[in-house]
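Below is one structure; the comments refer to it alone.
The values are calculated or read from the model by the stated rules, or taken from the named source; none is laboratory data. Quantities reported herein were computed from a predicted structural model and do not represent experimental measurements. A quick note on method: Cβ atoms are made from the backbone with ideal geometry, for glycine too, and the neighbour counts reach across all protein chains shown. Areas reflect the complete protein model, heavy atoms only, side chains present, ligands, DNA and RNA absent. Shrake-Rupley method; radii C 1.70, N 1.55, O 1.52, S 1.80 Å.
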Amino acid sequence: MKFFKREITTKYSARTILRWLWQASRGNRLQAGLNASVGLLEVAVSLLQVWAVKRAIDIAAGTQDGNLYWAVGVMGILILADFALHISAIWIRNILGIRAQNRMQQRMLDRILRSEWHGKEQRHSGDVLNRLEGDVKNVVDFLTETLPNTLSVLALFLGSFYYLFTMDHLLAFIIVGIIPIFVLFSRVYVNRMRQLTRKVRDSDSKVQSVLQETIQNRMLIKTLEGDNEMVDKLEDTQSELRQNVVKRTAFSVFTNLILNFGFALGYLIAFLWAAVRMSSQTLSFGGMTAFLQLVNKIQGPARSLTRLVPAFVSVFTAAERLMELEENPLEEQGDPIPFEAPCGIRLDDVSFAYPDSETPVVNHLSFDFRPGTCTAVLGETGSGKTTILRMLLALLRPQSGSVSLYNDSRSKQLSPRLRCNIVYVPQGNTLMSGSIRENLRLGKLDATDEEMRQALRKSCAEFVFDLPEGLDTSCTEQGGGLSEGQAQRIAIARALLRNRPVMLFDEATSALDPDTERQLLRNILSDNHRTVIFVTHRMAVVDYCDQVLKLK
């Protein structure tokens, strides 16, 4: 009985998880209400079918007066009603269910995008995707289907019990005698099952993380001849998943065996009791049939309750994993605060150290990126260039000192609400799958074709005009189908379309040849209303800058 010795350690209390689930149910209550209504109607039809079958059998046996054809006709009508309700339930589940799942995924993604960023991701992107797909579906199914079905299960149980009670008081109490045993047993079951389910979900996330990372870096793996190593790594994580699934399945089979033995014993007692009464002529053949049907309809909900326990365990695990995605506090929320160009950014005695390091990456730095100037930020690897860039983007807050955005009329400490004044071109290939037109419109959603052409010319990306499909040329992930230099120039064109007072470039010209780079720099710097900041290793960029910030 080692299954029952380990207690689960959970991150959130049951009350906290239930409160989160209640909040998550908003927007899904229409579907839940429809499912509950259909379920209750199905219960009513089911109990009426028991009555109709008993009546038809007793009429055929001559123990009750009535028209047999009418009795069978009533049975047919109830069967058609059951079919109609079943089809309605399918439509509600498939049409409204996917909408509910989409809404929750959107809400969770919006929450993740609006949360603070602390320098590195806490979880692998494959793990996050696993939660947004599997755990969101689990929660939505529970709220819109499992809970409403629970209502109909209880209604079926109470209705069947009352019907059986009117026929035989003693048998009704014997059949439900197993319920207290089930309640006591379920508490032990929940504790262990919740722990095993969490291990299965976490190991499933690991498998997805390995798969995703391998596919994303397929070219690197091929060049390093690491095919076998990655397949072996996948096998290791899959083996861990299989072991956890085996443990959970073994525990589930063991507990179900005990419960099903109790249900089988109850059915045999009911059958024997009905047979004895029928042999003593205190129960008709139709009555015995109704007895056995009602016993099934009492035990059916009880069996459903045993399946509800794993559902509750699973949704608690899923909710806990989704709640972990919401642990990061939100950034400052509110309307964007635009500044008139030109505007500058001032660092005043700024220091910053990452949580896993005691040594500051940036230590008491002061610098003024003056309005309308071009600045080159130089430094060796690890000198703090990327950290400064993140502070300028209001992704990180300095632990001491301040970063402020200012112009001739006002100054304000930099925050996410001021990010609307900044455009950023990161290093590397940052294009997304889709057409060149779709990538450019990320910079300006309502950009016209002429505006896009002007931005492409200014970023030295005229090659787009020579492509067979022009702006409608498709790219795969990370700009697949384009060279690194082409992708960089399209990313710069996207930034120019955004047209903000401050432009940040992080090694954004690293893949360009010298002539193209010089022409691009001249085009960008022709507008003195912009404040331009280059984080770079290329000395050619320095020649076009008004000032240099050297980091050590």
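Tell me the carbon and sulfur percent of the accessible area for the range 418-480, rounded to whole percent, probe radius 1.4 Å.
Looking at the range 418-480 in its full context, I get 49 percent from C and S.
Which of the chymotrypsin sites (Phe, Trp or Tyr not before Pro) found in the range 360-409 are loop residues per DSSP with 10 or fewer other Cβ atoms within 10 Å of their Cβ?
When the chymotrypsin sites (Phe, Trp or Tyr not before Pro) of the range 360-409 are filtered for loop state and at most 10 Cβ neighbours within 10 Å, nothing remains.
At a 1.4 Å probe, what is the % contribution of carbon and sulfur to the accessible area of the range 80-163?
That fraction is 64 percent.
Which FRET efficiency value, to the nearest 0.05, is calculated for residue 513 and residue 202 with the Förster distance at 51 angstrom and r the Cβ-Cβ distance?
Calculated value: 0.60.
Between residue 95 and residue 231, 0.36 nm times their residue separation minus their Cα-Cα distance comes to what?
45.1 nm
First select every other residue whose beta carbon is under 9 angstrom from the beta carbon of residue 443; then total the charges, Lys and Arg +1, Asp and Glu -1.
Cβ neighbours under 9 Å give a net charge of +4.
How long is the gain from residue 473 to residue 123 if the chain were fully straight, where each residue apart is worth 0.36 nm and the alpha carbon distance is subtracted?
The span from residue 473 to residue 123 would gain 122.6 nm if fully extended.
Give the residue from 255, 535, 524 lying farthest towards the positive end of the charge dipole for the chain; charges sit on Cβ (+1 for Lys and Arg, -1 for Asp and Glu) and the dipole is referred to the Cα centre.
Of the options given, the answer is 255.
Using +1 at the Cβ of each Lys and Arg and -1 at the Cβ of each Asp and Glu in the chain, identify which of 325, 436, 162 lies farthest towards the dipole's positive end.
Value computed over the given set: 162.
Roll a 1.4 Å probe over the protein chains and send me the accessible area per residue for the range 26-120 in Å².
Dividing the accessible area of the range 26-120 by its residue count gives 61 Å².
Which value, in debye to the nearest 20, gives the size of the charge dipole of the chain about its Cα centre, when Lys and Arg are +1 and Asp and Glu are -1 at the Cβ?
That gives the chain a dipole magnitude of about 1940 debye.
Mind pulling the angle between the C-alpha long axis of helix 449-458 and the longest principal axis of the chain? Nearest 10 degrees, somewhere in 0 to 90.
So the inclination is approximately 50 degrees.
Amide H neighbours of residue 549 under 5 Å, at least 5 residues apart or on other chains, H built in the peptide plane: list them.
376, 377, 378
Quick check on the chain: helices-only [θ] at 222 nm, where DSSP H runs of length 4 and up contribute -39,500 (n - 2.57) each and the sum goes over total residues. Nearest 500, please.
After summing the helix terms and dividing by the residues of the chain, the value is -19500 deg cm²/dmol.
I need to check one value: relative contact order of the range 28-147, counting alpha carbon pairs closer than 8 Å and at least 6 residues apart, in percent.
This gives 39 percent for the range 28-147.
I'd like the orientation of helix 484-498 relative to the chain: the angle between its Cα long axis and the longest Cα principal axis, in ° from 0 to 90, rounded to 10.
Here the helix axis deviates by roughly 90 degrees.
Could you tell me the calculated FRET efficiency between residue 538 and residue 14, based on Cβ-Cβ distance and R0 = 60 angstrom, to the nearest 0.05?
0.55
Here is the link list: 385/412; 11/199; 385/550; 206/233; 137/233. Which ones come out longer than 19 Å on Cα distance?
385/412; 137/233
Restricting to Cα pairs below 8 Å that are 6+ residues apart, what does the relative contact order work out to for the chain? Please round to a whole percent.
RCO, the chain: 16 percent.
Report the label-to-label distance for residue 402 and residue 269 in nanometres (one decimal), using points 7 Å from each Cα along the Cα→Cβ vector.
Placing both labels 7 Å beyond Cα along the Cβ direction yields 7.7 nm.
Taking 7 Å along the Cα-to-C-beta vector as the label spot, tell me the residue 552-residue 29 distance in nanometres, rounded to one decimal.
Between residue 552 and residue 29, the label points sit 6.4 nm apart.
What angle, in degrees between 0 and 90 and rounded to the nearest 10, separates the Cα long axis of helix 97-113 from the longest principal axis of the Cα atoms of the chain?
30 degrees
Calculate, in nm to one decimal, what residue 70 and residue 526 gain on full extension: separation in residues at 0.36 nm each, minus their alpha carbon distance.
155.0 nm
So how far apart, in nm, are the two label points at residue 249 and residue 466 if each is 7 Å from Cα heading toward Cβ?
Computed distance between label sites residue 249 and residue 466 equals 5.9 nm.
Hey, what do the phi angles of the range 536-552 turn into as Karplus ³J(HN,Hα) couplings, whole Hz, using 6.51/-1.76/1.60 and θ = phi - 60°, x for Gly and Pro?
Coupling constants for the range 536-552: 8, 10, 8, 5, 4, 5, 4, 4, 9, 9, 7, 8, 10, 10, 9, 9, 10 Hz.
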